[in-house]
Amino acid sequence: MRMFHAIGFVGVMCVVASAQEFEIVDPVGQVTAVAEISRNRLVVIDGNGERSDYIREIRYDSTDGQFAGFFNVLANRVLRFPKSGFGSLFSADLNEAVPQFRQTIRSVRPRQNVASNRPALPPGYGNGFFSPWAPPIARSQSVLIDTEIVSNEPLPPVTLNLLNSGSRDLQVELVGLSQSISNQKIRLAPGENRPVTVQRDNGGQRIDYYRVISPTGETFTKQIATPIPAVPLYEVVVHEWAMQSIAIDRTGKSPNAIEDISFQGKGIGRFPLPAGNNLTSTTIDVKRVAQAAGNPGAVAPLVPSNSSNDRASDEPLDRALRDVLEQQRRAAPSAR
C-alpha cells in the first residue's frame, strides 16, 4: 500500500512471534499487503517486501473509539486501523497545513491461519492473547508552522553628558551597533562636557505558532511568546590626542622654532552603553570609563590627515614646549 509506505528506520523492534496478522486488500478483494500488530506497534509489508513501521499513538484514535491510531515517524503520517480487525483504513498526512483523515481505497481483514484454516482472533479479544490496543500515555503533537518578531513599545531617547576629565583633547566616537543608527564623532577639550542624544532599544517578543493535534484528533493553533531582551545600540570608542613628533628649525633661518608638531590619536579603550532602561540621562567620564575597560589594544590609533593640528598643538604642554624652544633659539645668537 504505497500511499503510506516509508523506509523502515534503524533500530525498529522486530515484531514478536505472537503478533496478530491481517491482510490489506484492494476494492476487488486482492491482497496487496500484510499488517502485523504486536504490542503498541504496527508493521505493514507490501507484496514487494517493502516495510513501513508505525508506533501506537492513542492521540490519533478516532473519537468514537472504533479506530486505533498508529504513527509513522519517517513519513510523518498517521494510520487509523479498525479495532474490530475488519473494515476500512484511514490515513492523514501531518505535513499538510491542516491534516485530515481520509478513507483509503483499501480495507483490512484477519489473515487466514494457514495451519488451521481459521481466522486469527481480532485485536482486543481474550483467551489469553494480548491486546495491542493498550493505550500509551495520551499526549498532543505540536508542529512549528510560523514565527514572528514583535518589537515592544519604543523607549524615548535620553541625553548623555560626555565629560573629558583628562589634560589632553579626546576624540570620542559613538559607534552605532544597528544599521539604522549613524556614528557620531565628538572632539572634547580638557574639562569639556558635551551633551549628546542617544536612542534606546526596548527588546521585543518572539512569537512561535504551532499546529497542535490533540489526543482526540482535534487540530488547533497555539502560540508561545518568548521575551527578547533589549540590546546595546552604541559602543563608545575613545582616543587621546598625543604628540608623536616635532620638527625643529636648528638653522635659525625659519621664523618658527618649531616648524611642525605631529599628533596621533592614541587608543584609550572602548565600551558599550547600557541597554534599554539601564541607560538613563547621566554624565559619563569617557576617559575614565574607557581606561577601566582595560582594552586599549582593541582601539586602532588615529592619524589626522593634517599633521599640523592647530587645536591639538595649543594644549598647555605643547605650548610650554614651543615657548622653551623659541627662547632657546632667540638666546642662541647672543650666546655666540
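Of all the residues that make up segment 66-90, how many are open to solvent by 10 Å² or more (accessible area, probe 1.4 Å) and in contact with a helix residue (DSSP H, G or I) (Cβ under 6 Å, 6 or more places away or on another chain)? Spell out the reasoning first.
Filtering segment 66-90 for residues open to solvent by 10 Å² or more (accessible area, probe 1.4 Å) gives 66-67, 71, 73-77, 80, 83-84, 86-88, 90.
Subset that is in contact with a helix residue (DSSP H, G or I) (Cβ under 6 Å, 6 or more places away or on another chain): 77.
Qualifying residue count for the region: 1.
Test ILE45 against the stated conditions and say whether it is open to solvent by 10 Å² or more (accessible area, probe 1.4 Å), in a strand (DSSP E or B), over 13 Å from GLU21 (Cα atoms) and not polar (S, T, N, Q).
On the way: open to solvent by 10 Å² or more (accessible area, probe 1.4 Å): yes; in a strand (DSSP E or B): yes; over 13 Å from GLU21 (Cα atoms): no; not polar (S, T, N, Q): yes.
In short, no.
Of everything in segment 1-32, what is touching a Phe, Trp or Tyr at 6+ places or on another chain (Cβ under 9 Å) and at pLDDT 90 or above? Give them in sequence order.
Listed by number, the list holds a single entry, PHE22.
From SER52, SER62, which residue is at pLDDT 65 or above and assigned to a loop (DSSP other than H, G, I, E, B)? Break it down stepwise before answering.
Details: SER52 fails: assigned to a loop (DSSP other than H, G, I, E, B).
From the options SER52, SER62, the qualifying one is SER62.
Please give the strands (runs of 3 or more DSSP E) falling wholly within segment 166-220 in which 2 or more residues are closer than 27 Å to SER142 by Cα and aliphatic (A, V, I, L, M). Reasoning before the result, please.
Working: elements: 170-176, 184-188, 193-198, 204-213.
The qualifying strands (runs of 3 or more DSSP E) are 204-213.
The values are calculated or read from the model by the stated rules, or taken from the named source; none is laboratory data. Just so we're clear, the structure is a prediction, and the values are computed from it rather than from any experiment. Cβ coordinates were reconstructed from backbone atoms using ideal geometry, including for glycine residues, and neighbour counts include every protein chain displayed. Each accessible area value is taken on the protein alone, full model and side chains, heavy atoms only, with ligands, DNA and RNA left out. Shrake-Rupley method; radii C 1.70, N 1.55, O 1.52, S 1.80 Å.
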